[in-house]
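No value in this document is a laboratory result; all are computed from the given coordinates. Predicted model only: the values in this text are computed from it and were never measured. With ideal geometry, Cβ positions are generated from the backbone for all residues, glycine too; neighbour counts draw on all protein chains shown.
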Amino acid sequence: MDTFAHRRGLLITIDGPAGAGKSTTARALASRLGYAYLDTGALYRAVAWVVRRADIDCADVEAMKTLLSSTDFHVSLDEGVTRTFIDDEEITGYLRSPGISRLASAVAALPYVRDRLLPIQARYSRDGGIVAEGRDMGTRVFPEADVKFFLEADLDTRTSRRHQETVRDGHPETQRDVRLAIEERDTNDRSRETAPLKPAADAVVIDSSSLTVEQVVERMLAWIPGHS
């Protein structure tokens, strides 16, 4: 059972490109509000992990659909953490490598992957009290969200942030490689057929390039009823 299943509250979404600071900001905002934090990107990383384990080419549509239909993907929302499971196996600790990130970018562009994961994500809107971050939270997964944010930053800032993350997570890459990976992810996200990356029409857009996490959270709180 999810730790926060008994709580009710607002449904808040944070979308944006890779390296914009969504995860850090979403966790911080959820902590300030006493809400659960839902990292929907973890599900796409989980798909990538399963695809790699099965040694399947993600261009093989039938093999991919068979794999997805026979695998149970789910997450558990603990305080500040989205724990990710494949069937009964927790794989949270295996999902942050650069290789999994790159493969996740490829599988996330596949319409049938997004369709498979949509109901898994959408069920977390049931009780509210959620800060959900991803790339199509406000446009497709939670169009009924109470408050929507779109977090962006310039490419140099995003590259620096993501490079620091890879070093911290023990998967150091050169800044050039990180930048190229972000540019590739941007292209995949913005050009995909299903739910391309873009702000929802009613989203509050925040450029975090020159802001600290605390400053971004304060700006978000100003838009959240009862917390301004």
What fraction of the DSSP beta bridges in the stretch 11-214 is antiparallel, stated in percent and rounded to the nearest 5?
30 percent
Between the stretch 86-159 and the stretch 31-54, the Cα center-to-center distance that results, in Å:
7 Å
Would you mind classifying the stretch 107-160 by shape? Square roots of the alpha carbon gyration tensor eigenvalues, ordered a ≥ b ≥ c; an a/c under 1.5 is rounded, otherwise it is prolate if a/b is larger than b/c and oblate if not.
oblate
Mean residue ellipticity (222 nm) of the chain, computed from DSSP H runs ≥ 4 via -39,500 (n - 2.57), nearest 500:
-13500 deg cm²/dmol
Would you report the distance distribution of C-alpha pairs in the stretch 35-116 as whole percents per 5 angstrom bin, up to the bin with the largest distance?
3, 15, 28, 26, 18, 7, 2, 1
Hydrodynamic radius by Kirkwood for the stretch 22-77, inverse mean 1/r across distinct Cα pairs, in Å, is 13.1 Å
Contact order normalised by residue count of the stretch 11-214, Cα under 8 Å, 6+ apart, percent:
35 percent
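Quick check: net charge around Arg158, other residues with Cβ under 12 Å of its Cβ, Lys/Arg +1 and Asp/Glu -1?
-2
Cβ neighbours within 10 Å, averaged per peptide: list 204-213, 12-21 in order, most packed at the top.
Ranking the peptides 204-213, 12-21 by packing returns 12-21, 204-213.
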Alpha carbons only, please: Rg and Dmax for the stretch 11-214, in angstrom.
15.9, 46
Hydrodynamic radius (Kirkwood) for the stretch 140-228, which is based on Cα pairs only, to one decimal in Å
15.0 Å
